[in-house]
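**Q** Below are the structure tokens for one structure; questions will follow.
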Amino acid sequence: MKKVFIIAALALSIGLNAAVSTITVSDKVVLHQEKEYKKIEESKVPSAILSEISTKYEGYKITDAAVSADKEYRITVAKDTKSVKVYFTEAGEFVKEEK
């Protein structure tokens, strides 16, 4: 009788241990890689972007221009002592501004 009780207790403890040991760990990793821009001449900047700059940044002069592999343009414009980096798509759509 003792053997039956011991075997039942042992089986029960193994079953409980197996049920408890199922632990799921989930980690989410997000990487942000900055774009690399290649410097270009002002003459290589699409006319749609030049038109947007002349409208939104009247009186500003282009001091630097660069393009990324996915055709996003980074244009630095300046007026007096104020300098602004402006980002556009190839079609001339405004993306963002960094002061």
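Every read-out reported here was derived from the displayed coordinates using simple, explicitly stated rules and does not represent laboratory data. Owing to the predicted nature of the structure, the values given are computational and were not obtained by experimental measurement. We place every Cβ from the backbone using ideal geometry, glycine too, and count neighbours over all the protein chains shown.
**Q** Residue by residue, what Karplus-based ³J(HN,Hα) values in Hz, rounded to whole numbers, does the stretch 25-38 have, using 6.51, -1.76 and 1.60 with θ = phi - 60° and x for Gly and Pro?
**A** 10, 10, 10, 10, 10, 10, 10, 10, 10, 6, 6, 9, 10, 9
**Q** May I ask for the net charge around Lys35, where only other residues with Cβ less than 9 Å from the Cβ of Lys35 are counted and Lys, Arg are +1 while Asp, Glu are -1? Intermediate results must be reported in sequence, preceding the final value.
**A** Numbers: positive: Arg74; negative: Glu34, Glu36, Asp70, Glu72.
Taking every Cβ under 9 Å from that of Lys35, the sum is -3.
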